[in-house]
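A short worksheet on the structure shown next.
The values are calculated or read from the model by the stated rules, or taken from the named source; none is laboratory data. Keep in mind the model is a prediction, meaning the values are calculated, not measured. No Cβ is skipped: glycine too gets one built from the backbone with ideal geometry, and neighbour counts run over all protein chains shown. Accessible surface areas use protein heavy atoms only, side chains included; no ligands, DNA or RNA. Shrake-Rupley method; radii C 1.70, N 1.55, O 1.52, S 1.80 Å.
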Amino acid sequence: MEERESGMAESKAVFVAQIAAGDKIDDVFVLAEKNMAHKRDGNPFLNLTIADKSGRIKGVAWDNVPRIAAAAGAGDYVRVKATAGEYRGALQLVIKSVSSVDADQVAPEDFLPATGRDVDQMFDRLKAVTETLSDHFLHALLRAFWGDEQIVDRFKRAPAAKKMHHAYIGGLLEHTLSMTLLADKIAGHYSGVDRDLLIAGAVLHDIGKLRELSYQNSIDYTDEGRLLSHITIGIEMVNTKITAIEGFPKETADLVKHMIVSHHGTRAFGSPEPPKTIEAVLLNYIDEIDSRVNAIREFMAADDADEPWTAYHRLLERQFFKGANAPGA
């Protein structure tokens, strides 16, 4: 890489989303994943995934494998020279070389997608809703989180997921605020719902993602996240705050923790227990609504074909209708 003046970041010439079959690539990306494999003859090859704020793309290195493997680790900035092609109907890079790039030589905003909304405004709005809780102990619990500067700083930056939904800087706050506003509306619709508990559950259900996910150069799982999951981490974080609040009722503590434990809905989806209170059932569906709508909107926005229908979504097993007035329809 050519030398530059101190503090001068190199602008990217091409983003992942712009790459097409036949392109020759020579640019800086984040090395998101790196896995060694072997051909039938026993010779090694390397599977790589590189990323920037526009997306990810898989690549394979057939030659100079030891050198490329040793060049950088997952999460590092790298200069990649490659040729883009297609493999089994998907875009794939054939990697020729990989070299490490110093972090001070890149513009971080090129590599991590971020919410388009004002983070401080979103946080102020979320905090304002939690200030309306009438339950003394739940109010004190949320204040304990908002009084922790390290937690607040992380909360404003953390993504809500690695890939599926709100997978960008500020995504967790955006997701949490949306869920909290939905919870407030739904609590007023059904009689007998504990509004304070439902809102507390909406705010805290994914709090463990502050430590489950890393989000410096790329979005990935931390060692703690892989070993414990955000549900276990979240229970620990909530329990730490609860034990510091004198007289916090055990039943209230158990109900809050149950909201976290059960918010994925079933054991098959990662919840140790299914929802067993009305508030927990509602939280599970609110989470499903918000995450699913965001994921579909992101998928539709990324589909740039001038057709009324999107491409096929493999996970959701359907196409989505963009509208008869879509460009080119």
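Proximity of backbone amide H atoms, modeled 1.01 Å from N, is registered between Ile169 and Ala114, Thr115 at under 5 Å, excluding neighbours fewer than 5 places apart on the same chain. Given their separation in residues at 0.36 nm each and the Cα-Cα distance between them, Thr222 and Ala37 gain 64.3 nm when the chain is fully extended.
Multiplying the sequence separation of Arg143 and Tyr190 by 0.36 nm and subtracting their Cα-Cα distance, what value in nm do you get?
14.3 nm is the gain from fully extending Arg143 to Tyr190.
Take the alpha carbon atoms of segment 178-234, find their center, do the same for segment 12-39, and report the distance between the two centers in whole angstrom. After rounding, the separation between the Cα centres reads 33 Å.
Spherically averaged projected area of the convex hull of Cα atoms, the chain: 20.7 nm². Go ahead and estimate [θ] at 222 nm for the chain from helices alone: -39,500 (n - 2.57) per DSSP H run with n ≥ 4, summed, over the residue count, rounded to 500. Dividing the helical sum by the residues of the chain leaves -12500 deg cm²/dmol.
Take 186-196, 253-263, 288-298 and order them by the average number of nearby Cβ atoms within 10 Å per residue, most first; the result is 253-263, 288-298, 186-196.
Taking all protein chains in place and a 1.4 Å probe, what share, in percent, of the accessible surface of segment 178-329 do carbon and sulfur account for?
Numbers: 4330 of 8130 Å².
Percent of accessible area from carbon and sulfur atoms in segment 178-329: 53.
For the residue pairs Lys127/Lys185; Lys34/Lys156; Lys58/Lys96; Lys53/Lys163; Lys209/Lys241; Lys250/Lys276, the C-alpha atoms sit more than 19 angstrom apart in Lys34/Lys156. Averaged over residues, the count of other Cβ atoms within 10 Å places the peptides 104-112, 244-252, 41-49 in the sequence 104-112, 41-49, 244-252, highest first. Taking other residues whose beta carbon is less than 11 angstrom from the beta carbon of Leu48, and scoring Lys, Arg as +1 and Asp, Glu as -1, yields +2. Sorting 224-231, 146-153 by their mean Cβ neighbour count within 10 Å, with the most densely packed peptide first, gives 224-231, 146-153. Summing charges over neighbours of Leu93, with a neighbour being any other residue whose Cβ is under 12 Å away from its Cβ, gives +1 when K and R count +1 and D and E count -1. Per residue, the chain exposes 53 Å² of accessible surface when a 1.4 Å probe is rolled over the protein heavy atoms with every protein chain present.
Would segment 200-289 count as rounded, prolate or oblate if I go by the C-alpha gyration tensor, calling it rounded below 1.5 in a/c and otherwise prolate when a/b exceeds b/c, oblate otherwise? Don't jump to the answer; show the numbers that get you there.
On the way: a/c = 2.08, a/b = 1.24, b/c = 1.67.
Cα axes put segment 200-289 in the oblate bin.
Given charges of +1 on the Cβ of Lys and Arg and -1 on the Cβ of Asp and Glu, with all other atoms neutral, how large is the dipole of segment 7-96 about its Cα centre, in debye to the nearest 20?
Values: 13 positive and 10 negative charges, 37 e Å.
Roughly 180 debye for segment 7-96.
Pairwise alpha-carbon distances in segment 1-151 exceed 20 Å for 60% of all pairs. Here the scattering of segment 104-247 is modelled by Debye summation over its C-alpha atoms, one equal scatterer each and no solvent; at q = 0.10, 0.15 Å⁻¹ the log10 of I(q)/I(0) is -0.35, -0.77. Separation of segment 278-329 and segment 58-86, taken as the distance between their Cα centroids, equals 33 angstrom.
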